[in-house]
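To start, the structure under review is shown below, and the notes come after it.
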2 protein chains.
Amino acid sequence: MTESSLRDKKKLATRKALAEAAFELAVERGVDSFVVEDIVTKAGYSRRTFANYFSCKEEAIANSLGLDEYLQPVDQFEFSPKDHTPLSTIEVFIRRSFTINKLKRLNQLISLSREHPTLRLYVTGALKEMQDFAGRGISEEYGSDYPPEYYHILIGAVFGAILPVLDESFDVNLPDDEEQIENSNEFNQYMDTVFAHLRKGFS
Amino acid sequence: MTESSLRDKKKLATRKALAEAAFELAVERGVDSFVVEDIVTKAGYSRRTFANYFSCKEEAIANSLGLDEYLQPVDQFEFSPKDHTPLSTIEVFIRRSFTINKLKRLNQLISLSREHPTLRLYVTGALKEMQDFAGRGISEEYGSDYPPEYYHILIGAVFGAILPVLDESFDVNLPDDEEQIENSNEFNQYMDTVFAHLRKGFS
DNA sequence: AGAAACATTGCTCTTTGTGCAATTTCGTGA
DNA sequence: TCACGAAATTGCACAAAGAGCAATGTTTCT
């Protein structure tokens with residue numbers, strides 16, 4: 001299912017290596033104090049190869065979020081929450097996908113992009129890919145149980161609510177202590193209120 | 001209020017001229033069959049001036065949507081719908097902002113960006129600016145009547161619901177007949193269901 | 001093992017991005 | 001009204017990016 005030949009694994013590996021090198025350089029030196037050349041020397045590839053994977057350094061930095069890891073397990077949606085409604089399913093998907101490490105990385109990316117419009121664009125673009133993925137998953141899962149727009153609206157609402165808060169004053173607020181319980185951070189508390197609002201409706 | 005000295009007007013004019021030239025070239029020749037040089041000769045400016053306004057041709061094309069026109073009248077929010085709730089206010093704002101002409105242009109842009117990831121990024125970026133603008137407006141309007149996240153969630157939901165449909169199979173479906181009633185197009189019908197869902201809540 | 005498919009790379013050339021300085025245009029106060 | 005300061009436009013020059021092409025090395029499939 002996962003379609004991972006050795007060739008594909010290597011492709012993902014180089015992609016990840018390049019993205020990670022780009023991200024580290026961005027943190028160490030600042031976004032516009034290094035060039036593509038620096039990335040490839042750090043990662044051990046050629047400038048031409050970089051161009052095969054990313055169109056610019058901002059794209060590479062943003063992709064260090066590791067979308068690939070979300071996009072692999074299409075069966076995230078297999079397991080159903082108790083009530084098996086689209087909203088609950090999405091809720092579970094969100095809480096599983098935004099792990100502490102992802103949130104940390106996301107926070108760094110948003111902080112980096114605060115003064116870099118282009119990077120910001122690519123970061124939100126990466127999140128939008130995740131949104132599309134979730135959209136496809138959920139509408140396959142529930143098929144024609146709901147009108148087709150329903151899924152768009154719901155997914156759009158959930159992701160639309162996530163982004164603005166994330167890039168404005170939000171902090172995951174977890175120390176380097178990895179043993180912390182996944183569900184007891186600011187993000188999850190915020191998501192509580194998001195889903196509560198979505199269930200209740202707006203006025 | 002509108003802060004438009006003659007100098008500012010000229011700035012907006014050149015900006016608009018450049019963006020419009022870029023858009024027309026994109027439609028005529030296709031997005032990657034022309035260069036910045038072509039844009040500036042068409043618009044009558046220098047390459048260096050182009051760089052003062054846009055960072056790349058995609059940004060120029062996307063900005064032909066004419067965000068500026070949204071961003072001017074901050075008092076869009078002044079007038080209140082009957083029930084004066086955030087949702088209704090946003091609804092009115094949306095319906096007023098997405099005029100037929102805007103929707104047509106948006107459709108063309110989305111169609112152009114279908115095969116051009118970079119352009120797509122800038123188009124969604126432009127819409128996100130509009131979203132931020134709406135967010136600022138609405139939270140100024142209602143202040144602390146609602147918890148601060150409420151506005152983010154609501155605006156995020158509305159705009160989040162708009163984007164996916166717009167770039168997937170959506171067509172404004174209005175001929176060149178400008179006299180058509182603004183409220184009787186597919187977009188407005190879709191927005192009807194969006195707001196209905198948001199009022200009702202999700203399950 | 002051999003052939004086909006594909007990733008990586010070097011090379012080259014066009015296009016882009018940007019700092020700096022010069023010039024022109026606009027705004028403001030005497 | 002005039003002249004001075006502010007800001008927009010432009011040219012120039014150079015570093016960097018983007019992309020086609022062909023060569024080379026690696027994986028896959030039979």
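The values are calculated or read from the model by the stated rules, or taken from the named source; none is laboratory data. Just so it is clear, the model here is predicted, and its values are computed rather than measured. Quick reminder, even Gly has a Cβ in these numbers, built from the backbone with ideal geometry, and neighbours come from all protein chains shown. Heavy atoms of the whole protein, side chains included, go into the accessibility calculation; ligands, DNA and RNA do not. Shrake-Rupley method; radii C 1.70, N 1.55, O 1.52, S 1.80 Å.
Just to confirm my filter: which helices (runs of 4 or more DSSP H) fall fully inside region B:86-158 and include at least 3 residues that are over 21 Å from A:ARG120 (Cβ atoms) and within 11 Å of chain A (Cβ to nearest Cβ)? Show your work before the answer.
Values: elements: B:86-97, B:100-113, B:117-142.
In region B:86-158, B:86-97 are the helices (runs of 4 or more DSSP H) which contain 3 or more residues that are over 21 Å from A:ARG120 (Cβ atoms) and within 11 Å of chain A (Cβ to nearest Cβ).
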Counting only residues in region A:34-46 that are more than 24 Å from the chain's Cα centre (by Cα) and within 7 Å of DNA strand D (Cβ to nearest atom), the one farthest from A:PHE23 (Cα to Cα) is identified as A:GLU37
Taking the criterion of being within 12 Å of DNA strand C (Cβ to nearest atom), touching a Leu at 6+ places or on another chain (Cβ under 9 Å), among the polar types (S, T, N, Q) and not assigned by TED's automatic domain parsing to the domain that holds B:SER113, would at least one residue in region B:8-31 satisfy it?
no
Quick check on region A:15-22. Is at least one of its residues more than 9 Å from DNA strand D (Cβ to nearest atom) and within 18 Å of A:ARG120 (Cβ to Cβ)?
yes
Residues that are over 18 Å from A:GLY201 (Cβ atoms) and open to solvent by 10 Å² or more (accessible area, probe 1.4 Å), drawn from region B:186-203
B:GLU186, B:GLN189, B:TYR190
Extreme residue, surrounded by the most Cβ atoms within 10 Å (Cβ to Cβ), among residues of region B:114-144 that are touching a residue at least 24 places away in the same chain (Cβ under 8 Å) and among the hydroxyl-bearing types (Ser, Thr, Tyr):
B:TYR122
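Could you please find all residues in region A:34-61 being among the small types (Gly, Ala, Ser) and under 16 Å from A:LEU109 (Cα atoms)?
Across region A:34-61, the qualifying residue is only A:ALA60.
Return yes or no: is B:ASP38 near DNA strand C (Cβ under 10 Å from one of its atoms), more than 14 Å from chain A (Cβ to nearest Cβ), in a helix (DSSP H, G or I) and closer than 23 Å to A:SER55 by Cβ?
On the way: near DNA strand C (Cβ under 10 Å from one of its atoms): yes; more than 14 Å from chain A (Cβ to nearest Cβ): yes; in a helix (DSSP H, G or I): yes; closer than 23 Å to A:SER55 by Cβ: yes.
Judged against the criteria, B:ASP38 is a match.
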Options B:ASN63, B:ASN52: the member that is modelled with pLDDT of 90 or more and surrounded by 18 or more Cβ atoms within 10 Å (Cβ to Cβ)
B:ASN63
Determine the pairs where a residue that is on the phi > 0 side of the Ramachandran plot, located within region A:38-51, has a partner that is modelled with pLDDT of 95 or more and more than 11 Å from DNA strand D (Cβ to nearest atom) with Cβ atoms under 8 Å apart, the partner being 6 or more residues away or on another chain.
A:GLY44/A:ALA17
